[in-house]
1. Which length gain, in nm to one decimal place, applies between I56 and L106 when the Cα-Cα distance is subtracted from 0.36 nm times their residue separation?
2. In Å², what does the accessible area per residue of the chain work out to with a 1.4 Å probe?
3. Show log10 I(q)/I(0) for the chain at q = 0.14, 0.17, 0.18, 0.20 Å⁻¹, two decimals, from a solvent-free Debye sum over equal Cα scatterers.
4. Which FRET efficiency, nearest 0.05, do A19 and C117 yield, Cβ-Cβ r, R0 41 Å?
5. Rank Q66, A110, T21 by how far each Cα sits towards the positive end of the charge dipole of the chain (+1 on Lys, Arg Cβ; -1 on Asp, Glu Cβ) and give me just the farthest.
6. Per the 1.4 Å probe, what fraction of the accessible area of the chain, in percent, lies on carbon and sulfur atoms?
7. Grab the Cα-Cα distance for L27 and W79, subtract it from 0.36 nm times how many residues apart they are, and report the gain in nm with one decimal.
Amino acid sequence: LPIPPSSAKTAIVLGIAAAVTVPIKHLLVPEEYRAWVPNWSGIGLGFVVPQAYYPIAMVIGAHIAQYWESTAPASWEIWGYSLSAGLIAGEGIGGMVTAILVVLNLDGKALGTGWGCPQGIYCG
């Protein structure tokens, strides 16, 4: 798996940025502005998976969660965090499994099936 040197440099820079941002967020940023500091786990997952639909799903989920919390705070307190965490974790785990299968050459292109496709021909 050829990885260009620029990828290693970018990973190091982003790792340092994440390590510096966390203590700054909790020690220097006032409580009311902490929500605006980026969550590096979500950003990292967005970089790990090559498809755009995982980060897009996270953004859509964040908007739905913000709307839900602002319109029904009692319901949000009961269900919001666990539902959001489960959906984000599911997307992240699905992306990681997909990335691993692609690297191991066990993805749909190598072992695809025509089940569910028109005329039984692989359509993935």
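1. Full extension from I56 to L106 adds 15.5 nm.
2. Per-residue value: 76 Å².
3. Listed by q, the Debye log ratios stand at -0.85, -1.08, -1.14, -1.25.
4. The calculated FRET efficiency here is 0.35.
5. Working it through, the farthest residue towards the positive pole turns out to be A110.
6. 72 percent
7. Between L27 and W79, full extension yields 15.8 nm more.
The values are calculated or read from the model by the stated rules, or taken from the named source; none is laboratory data. From a predicted model like this one, the values you see are computed outputs, not experimental measurements. Ideal geometry is used to build each Cβ from the backbone, glycine not excepted, and the neighbour counts take in all protein chains shown. Heavy atoms of the whole protein, side chains included, go into the accessibility calculation; ligands, DNA and RNA do not. Shrake-Rupley method; radii C 1.70, N 1.55, O 1.52, S 1.80 Å.
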